[in-house]
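The values are calculated or read from the model by the stated rules, or taken from the named source; none is laboratory data. Note that this is a predicted model, so its numbers are computed, not measured. Here the Cβ positions follow ideal geometry from the backbone for every residue, glycine too, while neighbour counts run over all protein chains shown. Surface areas here come from the heavy atoms of the whole protein model, side chains and all, with no ligands, DNA or RNA. Shrake-Rupley method; radii C 1.70, N 1.55, O 1.52, S 1.80 Å.
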Amino acid sequence: MCAQRKVVLITGASTGIGLAVVKELQKHNLFIIATARKSSLERFRFEGIKESDHLKILPLDVTSDKERKHTIRMISRKWGGVDILINNAGVCYRAVVEHTGLKDEFRQFDINYFAPVRLARLLIPEMRKKRSGKIINISSAAGMMAMPTMGNYSASKFALEGISESLWYELKPWGIHVCLVQPGFINSNACFNVRYTDQSFSSFEKESDPYHFYYTNMSSFVLKMMRLSPVKPEKVAEKIFKIMNQKNPPLRIPVTPDAVLFSWMRRIIPRRIYHYLLYRSLPGIRGWLKKR
Ligand SMILES: NC(=O)c1ccc[n+]([C@@H]2O[C@H](COP(=O)([O-])OP(=O)(O)OC[C@H]3O[C@@H](n4cnc5c(N)ncnc54)[C@H](OP(=O)(O)O)[C@@H]3O)[C@@H](O)[C@H]2O)c1
């Protein structure tokens, strides 16, 4: 049992933001349970992260009901439950709506929406008994605004935002805090993990495809913005640590300058004008049809 130390469970912790959070939390007096898919556990070793009396590494594919239940039961039995859940694991599909089939749609939602909700649901009873706890869901600027070729990703994060808002109201009386961390572009390798559907991949490759320039323009734009971003995963990790220590953290926390800017723009600019301006600013938009 870890009576004196807070127990923190983090998903998708072997790369990017998750890994940076593990490294950040190691500097503090916490009990960390870093999880990753079985096939990715090896990465912890490459990063020099080893198990110790304040860090456990466990396999957890967030989409597996069996693994989720087994992990939570084990944590409850061995370490007295989870005080802070960081739902970080996520994937991003790049595909226009027309190029997204049910299988990819479900996969996107399974990882980004169903898994964090189901993990939270497993932990809420114990948190309610203790009348304390934090559920930190890693959302995205894409959870407040949608972009072409990222509809399914945005939909999954919008859904996560919606349910987190409900949870915020439901759990507040029990002393449990729910937070949405909203990163915008981050200077990391996550852009190389973007997934394509069969159709979006073939369109990206084939210049004659009606959506070809949507993909080439949007992917090089996203890559450029990520490369230019001054924010590295370590910075986001520091902010997450601050949130963990806040007594009453707000529900939504944009954690990069672009996410802050967009959250203000969404509030201040009338929606009609906002959508028009964003449309006009899409990379290469004037050529999307002219090139056909
Ligand atoms: N990078 C950005 O610019 C950005 C911006 C906004 C929001 N975000 C959000 O930040 C979070 C972390 O992303 P990141 O930037 O750190 O990207 P990343 O490096 O690609 O990390 C995503 C992590 O999720 C894990 N994951 C995927 N499917 C999983 C599954 N079924 N079970 C368990 N883990 C799984 C991956 O593990 P495997 O390697 O094993 O697949 C990987 O460790 C995500 O929720 C993402 O949507 C990122």
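Among the residues of segment 20-54, those identified as part of a helix (DSSP H, G or I) and of a type in the set (S, T, N, Q) are Ser39, Ser40. Comparison of Thr11, Thr15, Thr35, Thr63 shows that the only residue that is at pLDDT 95 or above, farther than 26 Å from Lys242 by Cα and within 22 Å of the chain's Cα centre (by Cα) is Thr63.
Select from segment 124-146 the residues that are hydroxyl-bearing (Ser, Thr, Tyr) and more than 19 Å from Trp264 (Cα to Cα) and list them in ascending order. So that I can check it myself, show each step before the final result.
Step one: list which residues in segment 124-146 are hydroxyl-bearing (Ser, Thr, Tyr), which gives 132, 139-140.
Residue satisfying the conditions is Ser132 alone.
Mind checking which residues of segment 118-134 are open to solvent by less than 20 Å² (accessible area, probe 1.4 Å) and within 14 Å of the ligand (Cβ to nearest atom)? Result: Leu119, single match. Looking at segment 192-219, which of the residues that are within 16 Å of the ligand (Cβ to nearest atom) and not hydroxyl-bearing (Ser, Thr, Tyr) is surrounded by the most Cβ atoms within 10 Å (Cβ to Cβ)? Looking at residues that are within 16 Å of the ligand (Cβ to nearest atom) and not hydroxyl-bearing (Ser, Thr, Tyr), I get Met218.
One line per residue, one yes/no per condition, for (1) in contact with a Pro (Cβ under 6 Å, 6 or more places away or on another chain); (2) farther than 26 Å from Ser263 by Cβ:
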position: Pro183; (1), (2): no, no
position: Ser200; (1), (2): no, yes
position: Ser203; (1), (2): no, yes
position: Lys206; (1), (2): no, yes
position: Pro210; (1), (2): no, yes
position: Leu228; (1), (2): no, no
position: Val231; (1), (2): no, no
position: Val236; (1), (2): yes, no
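Does Ala146 satisfy the condition of being touching a residue at least 40 places away in the same chain (Cβ under 8 Å), in contact with a Ser or Thr (Cβ under 8 Å, 6 or more places away or on another chain), hydrophobic (A, V, I, L, M, F, W, C) and over 18 Å from Met244 (Cβ atoms)? Spelling it out, it is not the case that Ala146 is touching a residue at least 40 places away in the same chain (Cβ under 8 Å), in contact with a Ser or Thr (Cβ under 8 Å, 6 or more places away or on another chain), hydrophobic (A, V, I, L, M, F, W, C) and over 18 Å from Met244 (Cβ atoms).
Across segment 29-54, the number of residues qualifying as open to solvent by less than 60 Å² (accessible area, probe 1.4 Å) and touching a residue at least 12 places away in the same chain (Cβ under 8 Å) comes to 12.
One line per residue, one yes/no per condition, for (1) among the β-branched types (Val, Ile, Thr); (2) under 21 Å from Asp83 (Cβ atoms); (3) part of a helix (DSSP H, G or I); (4) open to solvent by less than 20 Å² (accessible area, probe 1.4 Å):
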| site | (1), (2), (3), (4) |
| --- | --- |
| Met147 | no, no, no, no |
| Ala159 | no, no, yes, no |
| Gly162 | no, no, yes, no |
| Glu170 | no, yes, yes, no |
| Leu180 | no, yes, no, yes |
| Ala190 | no, no, yes, no |
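Within segment 74-117, the residues that satisfy the criterion of being within 15 Å of the chain's Cα centre (by Cα) and either modelled with pLDDT under 95 or part of a helix (DSSP H, G or I) (or both) are Arg107, Gln108, Phe109, Asp110, Ile111, Asn112, Tyr113, Phe114, Ala115, Pro116, Val117.
The rows are residues; the columns are (1) free of Cβ contacts under 8 Å to residues at least 12 places away in the same chain; (2) within 23 Å of Gly162 (Cα to Cα); (3) over 18 Å from the mean Cα position of the chain (by Cα); (4) in a helix (DSSP H, G or I).
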position	(1), (2), (3), (4)
Asn217	no, no, yes, yes
Val222	no, no, no, yes
Val236	no, yes, no, yes
Phe241	no, no, no, yes
Asp258	no, yes, no, yes
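Scanning segment 55-70 for any residue that is away from the ligand (no atom under 11 Å from the Cβ), in contact (Cβ under 8 Å) with a residue 24 or more places away in the chain, closer than 13 Å to Leu119 by Cβ and not in a strand (DSSP E or B) turns up at least one such residue.
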